[in-house]
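Novice: I am attaching a structure below and will ask some questions about it afterwards.
The values are calculated or read from the model by the stated rules, or taken from the named source; none is laboratory data. None of the values given here were measured: they were computed from a predicted structure. Here the Cβ positions follow ideal geometry from the backbone for every residue, glycine too, while neighbour counts run over all protein chains shown. For accessibility, only protein heavy atoms count, side chains too; no ligands or nucleic acids. Shrake-Rupley method; radii C 1.70, N 1.55, O 1.52, S 1.80 Å.
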Amino acid sequence: MSATAPSLPGQKPASYWPLLLAATAMLMITMGIRQSQGLLIKPIGHSTGLGIAEISFALAIGQFVWGAVQPVFGALADQRGPGRVLVFGGILLMAGMGLTPFVSSQWGLMVTLGILGAAGAGAGSFSILIGATAQRLPAEKRSMAAGVINAGGSLGQFLFAPLVQAVIAAAGWMAAMWTLAVAALATLPLAWPLRRRESATPSGGAVASAPPGIGLREQLRIAMREPSYWMLHVGFFTCGFHIAFLVTHLPGEIALCGLSDNVSAMSLALIGLFNIGGSLAAGWLGQRYRMKHLLALMYASRALLIGIYLISPPTPLTFYLFAAGLGVTWLATVPPTAGLVGKLFGPRYLGTLFGFTLLSHQIGGFFGAWLGGLAMANFGDYTWMWYADIALALLAAAANLPIREARVPRAALAPA
């Protein structure tokens, strides 16, 4: 991908790679911290005496808060620039991680992990980072840029899951939380290249966008009347349910099979590793094929993978293959979903509009994390959650097909 800014004759084009690399590194940290928290459920429970349903509810609150803050922070970033939002988020994330070892009640976990940490991670997440870069890139480069940034989140999961497990094994879960708090500090200098809000480049064929200069309130009214926007929300709700259930309860599922915590850490890491390739592939394919078809295929593949998992023997190899298969589409839904929002409405308020889409993702995430804990507490396993996952994945695949999306021009299908 050539990441250079348009320039006047005689001027050297400005490179966007510093911007993309800063956004990618920031998402690596914020998502790495979030996606490794399932490894902490068992040690926190042993230390505090809290049950899985209580801890799961605190983490479910975090899933919802992470999504709820994104349209708010996205609107602030769209109107005033993302720099302060990103710095504020880094401070909140550090506080949430650093204070968790000092609480021992469900309410305490809801404040630290559920509100402070989740809000901080949300301020440095997809809607703000992809929105900040989309405003500075031409339309044909946005899908690939979103894929590159998204791959950073996957790399974070790959790196942080084994790190957290190693620190837990060596020094306990409290030391792991303080390690995550120190890691959150690294987001502060990364906000510098992303601090400015640029004028949006042309939207490249937005089908429901409003005239230049439109206010945020009017753009939201237009978006809320667009059925395709709501279809994206339906699909992303399912994605959130699926991811939050797995990232929170996959370690518990592995423990039910009598396997070690190291299998859990390796499985989460493999999801992140394989999603690096999946995210980059989704960004590349989004420049060449209809994004709604990519999304439908990814959601349908999840239903198939879960079905295969349910009839497979519960061995480490099964979990590693399951994690690798899931990893290909894990967060790879983000580039085409953000790309479709940009196609529908243009990049000017992408941080806000994609933020609302992420809110629907995290409402699903709340139910995935919470209901997983209730299922385990009441039935002793996650069987019904797996069946719900299959049904919702098929619903998401069907919901994406009616979305309005122009055909990709033949020129875009030519080899790059």
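Novice: Just give me the residues in segment 16-26 being under 13 Å from the mean Cα position of the chain (by Cα) and more than 12 Å from GLY147 (Cα to Cα), in sequence order.
Specialist: Residue satisfying the conditions is MET26 alone.
Novice: Which one of these is within 27 Å of PHE158 (Cβ to Cβ) and open to solvent by 10 Å² or more (accessible area, probe 1.4 Å): GLY364, GLY339, GLY351?
Specialist: Values: GLY364 fails: open to solvent by 10 Å² or more (accessible area, probe 1.4 Å); GLY351 fails: open to solvent by 10 Å² or more (accessible area, probe 1.4 Å).
Selected residue: GLY339, the only one of GLY364, GLY339, GLY351 that is within 27 Å of PHE158 (Cβ to Cβ) and open to solvent by 10 Å² or more (accessible area, probe 1.4 Å).
Novice: How many residues are part of a loop (DSSP other than H, G, I, E, B) and open to solvent by 10 Å² or more (accessible area, probe 1.4 Å) if we restrict to segment 26-49?
Specialist: Residues in segment 26-49 being part of a loop (DSSP other than H, G, I, E, B) and open to solvent by 10 Å² or more (accessible area, probe 1.4 Å): 1 in total.
Novice: Would segment 270-290 turn up any residue that is crowded, with 21+ Cβ neighbours inside 10 Å, of a type in the set (Lys, Arg) and on the phi < 0 side of the Ramachandran plot?
Specialist: no
Novice: Related question: Can you tell me how many residues within segment 186-223 are open to solvent by less than 50 Å² (accessible area, probe 1.4 Å) and at pLDDT 80 or above?
Specialist: Number of matching residues: 8.
Novice: For segment 238-265, name all the residues that are hydrophobic (A, V, I, L, M, F, W, C), over 22 Å from ALA396 (Cβ atoms) and at pLDDT 90 or above.
Specialist: Taking segment 238-265 as the starting set, the residues that turn out to be hydrophobic (A, V, I, L, M, F, W, C) are 239, 241, 243-247, 250, 254-257, 259, 263, 265.
Keeping just the survivors that are over 22 Å from ALA396 (Cβ atoms) gives 254-257, 259, 263, 265.
Scanning segment 238-265 gives ILE254, ALA255, LEU256, CYS257, LEU259, VAL263.
Novice: Can you pull out the residues in segment 101-120 that are out of contact with any helix residue (DSSP H, G or I) (no Cβ under 7 Å at 6 or more places or on another chain) and open to solvent by less than 30 Å² (accessible area, probe 1.4 Å)?
Specialist: The one that is out of contact with any helix residue (DSSP H, G or I) (no Cβ under 7 Å at 6 or more places or on another chain) and open to solvent by less than 30 Å² (accessible area, probe 1.4 Å): GLY108.
Novice: From the residues in segment 70-91 that are open to solvent by 30 Å² or more (accessible area, probe 1.4 Å) and farther than 17 Å from PHE356 by Cα, which one is modelled with the highest pLDDT?
Specialist: The extreme case among them is ILE91.
Novice: Further question: Condition first: open to solvent by 20 Å² or more (accessible area, probe 1.4 Å) and either farther than 18 Å from VAL103 by Cα or of a type outside the set (A, V, I, L, M, F, W, C) (or both). Now tell me which residues in segment 172-185 satisfy that.
Specialist: GLY172, THR179, VAL182, ALA183, LEU185
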